[in-house]
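Notes to accompany the following structure.
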Amino acid sequence: MGSPTVAIVDYGMANLRSVQKALELVGANAVITSRPETVLNSDAVVFPGQGAFGDSMKNLRSTGLDEALLEFISSGKPFLGICLGLQLLFEESEEMGHHRGLGVWPGRVRRFPSNLEITMPDGETRKLKVPHIGWNQVWHDGNNPLLKGVPNGAYAYFVHSYYVVPKEESLVMCRTDYGIEFVSGCWRDNVWGIQFHPEKSQAVGRKVLTNFIDIIIGGSS
């Protein structure tokens, strides 16, 4: 197989060029698209996003991309959600009201508590800001192909105020601590979702995207 074609879903909720460049650096033919037919004809899909959950679902439904994404996922081809793209895979979100998601996975999206704090080595407590912005550790058991070769506890880059709460423990791929422990990655079958931004996570992000390309090629060989 040559360079796999990866559709980067454009539904008006992210600056996608950085994601495209990161995928091209690891060997993908990355195409930014808002066309359902392009999504369905691709070897894999990357579903990034930033912004409001409700507005995102409205945009997906107005373009028919919601149905295209669900059809693509049912095809068994590799799918990766990033940040909001992870959250939208769940059933519902409490962001600015109540909103229904794509419902690929059971669970909901919640906001970080406003009273988050950590205990420093000297015993003092420090309040944490929401949104959670910056580098933080990703804890995993090393058994998932997307995180192959990524050290347990490696640092990745986060920007978010909400986090996913899966109903099923079997969905959890990795976790992160930010005053509370939250799920920072999920996986089932051909669908992965990560809360951190691989395109901003330097060597760790490149490794994750390289692994995703390997998954695509391995599934097509």
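Tabulated data
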read-out	value
Antiparallel bridge percentage (DSSP; both residues within the chain; nearest 5)	60 percent
FRET efficiency, 1/(1 + (r/R0)^6) with R0 25 Å, evaluated for SER62 and ASP141 via beta carbons	0.05
Residues of type lysines that LYS148 reaches as a straight line, Cα spacing below 21 Å, ignoring anything fewer than 8 places off in the same chain	LYS77, LYS200, LYS207
Which of TYR178, TYR162, TYR157, TYR11 has the fewest Cβ neighbours within 10 Å, and the rest in rising order	TYR157, TYR178, TYR162, TYR11
Selected from ASP55, ASP141, ASP122 as most flexible by GNM, with the chain as the system and alpha-carbon contacts under 10 Å	ASP122
Angle between the chain longest axis and helix 65-75 axis [Cα atoms, degrees, rounded to 10]	80 degrees
Near-label residues of region 147-178 by backbone N, under 18 Å of a point 7 Å along Cα→Cβ of ARG188	164-175
Size of charge dipole - region 5-220 - debye, nearest 20, with Cβ of Lys, Arg +1 and Asp, Glu -1, no other charges	360 debye
Ellipsoid semi-axes in whole angstrom, largest first, where each is sqrt(5λ) of the Cα gyration tensor of region 74-221	26, 20, 12
Diffusion constant of region 1-44 at 25 °C, which comes from Stokes-Einstein with the Kirkwood Cα-pair radius and 0.890 mPa s, µm²/s	232 µm²/s
Calculated P(r) of region 1-134 - Cα pairs past 17 Å, %	62 percent
Helix 202-220 axis, angle to the chain major axis (alpha carbon atoms, nearest 10°)	40 degrees
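Bear in mind these aren't lab numbers, they're just calculated from the coordinates by the rules spelled out. The model shown is predicted, which means the values in this text are computed figures rather than measured ones. All Cβ positions, glycine included, derive from the backbone under ideal geometry; neighbour counts span all protein chains shown.
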